[in-house]
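First the structure, in the form of structure tokens, and then the observations on it.
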Ligand SMILES: Nc1ncnc2c1ncn2[C@@H]1O[C@H](COP(=O)(O)OP(=O)(O)OP(=O)(O)O)[C@@H](O)[C@H]1O
Ligand SMILES: [Mg+2]
């Protein structure tokens, strides 16, 4: 599946400092190729998360459109869009993403629960094994370290083997060892055919990425 | 649907303190509406039954009896009443135009008997002419009411050998009356002959302050007015033509209580309404705060593929679980309090009090549960709409 953005724009209105309109993402066109790892870097506040959320169908653009194959995500009704996302787009949101009343296992099984897919427990086990968090299956998110939580979040996004994986700073505040681990996991996913988008500040990431984009004040610039 | 219930149950279980607080609030609401309705209905039912039970259109008592108060006392509180008039008044009353039937009663004394927690009122009646007591014998007794045979009110505990001992005389219980929720439930009825013997026995034992000759006096005369006659006219006629008596319209005695009752029911309804309004408001705010605080979790659910509808359903489900669990606790608590203490509540309020029948009770429980479910939908509707509408992308970038 191919995810493309055409002239994607998102502006925010800031009332506080006089009513000025701030374009967080400006007329960005972009395609996410299958089976490769695409990296977006950029200064804080340059619009990376805004772009990623729009690509995930989680934030309606001010202008432009997002196409999954040739379906315009924001022309769909919420039910269809949610079903599409659940099935085809894995999202690793920035920051804390655990549901605190569920165990790690249940957190990872969430996409299966939401779509009514049964019998995903072995898949979840296998993912936890690969992420090195198998012995935490019964723990609650509150008991996890930042790195463990991030890996849980990635396992959740990968559970239903989505064709597209969007990860927002999955290595933020992780130590080198955990960073390397997460990056190689994403690399493996890309090698297995997934279209992976990695938004990160991490310098190391370049070594894993097939191509790198730089986001600068809402505009994307090809770096390599 | 099962997933939604499962998830919401886990969410509640993950924050047991809050869930418990919300359930307690819901239980309080359920308690208020259920207990309040039961009390209201019990009052109405008690009054209705008492109205039927009186059976007579007019009650005639000695003028000296300051009728209203004493009669009310006897009927409702089971307080002792001692007033007597000549037996010849019975015939005088019977002679009046429009009187279809008369039957005398003799209030003897109230006494503590081994069987019972409250005082019993011994009442003599005439089985031959009676039209107010025998129709209400519960275990339809068809035989004669002979010497030392008694009929007892519903509050009298009937022991294995069916006897009660008064002043050393064993009396045989031949029937028990249906419950009225009033002082009549503590009455013991015997025929005139038995009452005479009991008076003699009490005098022998020096236990009777009032010396009465049972064959020459009566305490009250119950009157049934013939069809086609105006009760008020017959009543005035008796008051005018029969000396030293006061005729009271039976329904008047009750109408005083009925007024009180209407007022009491009004107060109860107002209280319930107030409690619900306040409770719903608090729960709505608390629920809204709780979901707003968790909006990031809901955003994560969206990112994992949940639709807006699913989020809304999740929030509704949580509120429904809380409210239904609360309803069950509240109803159970109310039942535990109202059932065993209904007699105490009745005498504390000083009005006839008769619990609704079991089917009515069950229907009331179901209605309470339904009301709580509706409350659940109400308190969560705002939260559900707000969370379902929120822009996931914006929430996810907050608080990083
Ligand atoms: N809800 C909002 N209201 C106003 N401005 C917003 C809103 N969301 C984002 N912005 C602005 O849009 C710009 C881009 O934000 P975005 O979160 O996409 O940055 P980012 O590149 O992901 O930064 P970081 O690396 O720190 O995560 C920022 O200047 C931010 O202040
Ligand atoms: Mg960001």
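Readers should treat all values here as calculations from the given coordinates under stated rules, not as data from a laboratory. Computed from a predicted structure; not experimentally measured. Neighbour counts run over all protein chains shown; Cβ positions are idealised from the backbone, glycine included.
Considering only the Cα atoms of region B:199-329, their convex hull presents on average a projected area of 19.2 nm².
For the pair region A:191-224 / region B:209-241, the C-alpha centres are spaced 106 Å from each other. Helix B:250-293 and the longest principal axis of the C-alpha atoms of chain B enclose an angle of approximately 10°. Per-residue Cβ neighbour counts within 10 Å put B:194, A:38 in the sequence A:38, B:194, beginning with the fewest.
Given the convex hull of the Cα atoms of region B:77-251, what is a quarter of its surface area in nm²? Spelled out: convex hull of the Cα atoms, projected over all directions, averaged, 10.3 nm². From the square roots a ≥ b ≥ c of the eigenvalues of the alpha-carbon gyration tensor of region A:2-80, which class results: rounded (a/c under 1.5), prolate (a/b over b/c), or oblate? Verdict is oblate for region A:2-80.
Tell me whether chain A comes out rounded, prolate or oblate; compute the Cα gyration tensor, take square roots of the eigenvalues as a ≥ b ≥ c, and use a/c under 1.5 as the rounded threshold. Since a/c reaches 1.5 and a/b is larger than b/c, the shape of chain A is classed as prolate. Per-residue ellipticity at 222 nm, computed for chain A from helices alone with -39500 (n - 2.57) per DSSP H run of at least four residues, works out to -10000 deg cm²/dmol. Calculated mean residue ellipticity at 222 nm for chain B: -18500 deg cm²/dmol, from DSSP H runs with n ≥ 4 weighted as -39500 (n - 2.57), summed, divided by the residue count and rounded to 500.
Based on the Kirkwood radius over alpha-carbon pairs, what value in µm²/s does the Stokes-Einstein equation return for the translational diffusion coefficient of region B:1-47 at 10 °C and 1.306 mPa s? Roughly 122 µm²/s, to the nearest whole number. Is chain B rounded, prolate or oblate when judged by the Cα gyration tensor, a ≥ b ≥ c being the square roots of its eigenvalues, rounded requiring a/c under 1.5 and prolate requiring a/b larger than b/c? It is prolate, given that a/c is not under 1.5 and a/b is the larger ratio.
Of the residues A:53, A:201, the one with the fewest other Cβ atoms within 10 Å heads the list, and the complete ranking is A:201, A:53.
Eigenvalues of the alpha-carbon gyration tensor of region B:180-245, scaled by 5 and square-rooted, set the equivalent ellipsoid semi-axes at 32, 17, 11 angstrom, largest first. The Cα atoms of the protein assembly as shown define a convex hull whose projected area, averaged across directions, is 41.4 nm².
Taking the alpha-carbon centroid of each part, what is the distance from region A:55-87 to region B:317-376 in angstrom? Between the Cα centre of region A:55-87 and that of region B:317-376, the gap is 50 Å. Our compactness index for region B:251-400, the C-alpha radius of gyration over the empirical 2.2 N^0.38 Å, is 1.49. With respect to chain B, whose longest principal axis is taken over its alpha-carbon atoms, helix B:358-389 is tilted by about 20°. Helix A:121-131 and the longest principal axis of the C-alpha atoms of chain A enclose an angle of approximately 80°. By the count of neighbouring beta-carbon atoms within 10 Å, fewest first, B:10, A:87 end up ordered B:10, A:87.
With r as the distance between the Cβ atoms of residue B:337 and residue B:128 and R0 = 45 Å, compute the FRET efficiency 1/(1 + (r/R0)^6) and round to 0.05. Given R0 = 45 Å and the Cβ-Cβ separation, E is 0.50.
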